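The values are calculated or read from the model by the stated rules, or taken from the named source; none is laboratory data. From a predicted model like this one, the values you see are computed outputs, not experimental measurements. Here Cβ is always computed from backbone atoms with ideal geometry, including for glycine, and neighbour counts include all displayed protein chains. For accessibility, only protein heavy atoms count, side chains too; no ligands or nucleic acids. Shrake-Rupley method; radii C 1.70, N 1.55, O 1.52, S 1.80 Å.
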Amino acid sequence: QVQLVESGGGLVQPGGSLRLSCTASGLTFSIYAVNWYRQAPGKERDLVAAITNTGGDTNYADSVKGRFTISRDNAKKTVYLQMNDLKPEDTAVYYCNAAWRSTNGRRYSYWGQGTQVTVFS
């Protein structure tokens, strides 16, 4: 079955850095776009960063532009989210999502279990 496993979360002080990883299994990873979302307590799940299947295009939420970098290694079936200059408002559970739409229009979407990032003073 398809699995997405996130890792790399933890506790960090403001201004610090973390690198999240999302490793996939059970799917043809190289055809999937991958997104990182985050959800803070009492808030909706928001898109943070996205990368196309080849890694040729990326997009970021305004709140993280210039601080976060998404990248992927298709040979390792892994997507990374490098987070620098972390702020308390970045505290959330971070989720990895792999998405693909087939030529007949069917959509496939898979989620990881999430990894907690806590930025504290």
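Numbers at a glance
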read-out: Matching residues in the stretch 28-85 - criterion: being touching a Cys at 6+ places or on another chain (Cβ under 7 Å) and either of a type in the set (S, T, N, Q) or assigned to a loop (DSSP other than H, G, I, E, B) (or both); value: Thr78
read-out: Members of the stretch 1-27 found to be in a loop (DSSP other than H, G, I, E, B) and closer than 21 Å to Tyr110 by Cβ, listed by number; value: Gln1, Val2, Gly8, Gly9, Gly26, Leu27
read-out: Output for the stretch 26-40, where each listed residue is open to solvent by less than 20 Å² (accessible area, probe 1.4 Å) and touching a Leu at 6+ places or on another chain (Cβ under 8 Å); value: Trp36
read-out: Restricting the stretch 41-65 to residues that are farther than 27 Å from Lys76 by Cα and of a type in the set (Gly, Ala, Ser), the residue that is least open to solvent (accessible area, probe 1.4 Å); value: Ser63
read-out: Odd one out for Thr23 among (1) within 13 Å of Gly114 (Cβ to Cβ); (2) in contact with a Ser or Thr (Cβ under 7 Å, 6 or more places away or on another chain); (3) hydroxyl-bearing (Ser, Thr, Tyr); (4) open to solvent by 40 Å² or more (accessible area, probe 1.4 Å); value: (1)
read-out: Filter result (within 26 Å of Gly42 (Cβ to Cβ) and outside any strand (DSSP E or B)) within the stretch 86-121; value: Leu86, Lys87, Pro88, Glu89, Asp90, Thr91, Gly112, Gln113, Gly114, Phe120, Ser121
read-out: Total residues in the stretch 67-121, condition at positive phi and in contact with an Asp or Glu (Cβ under 8 Å, 6 or more places away or on another chain); value: 1
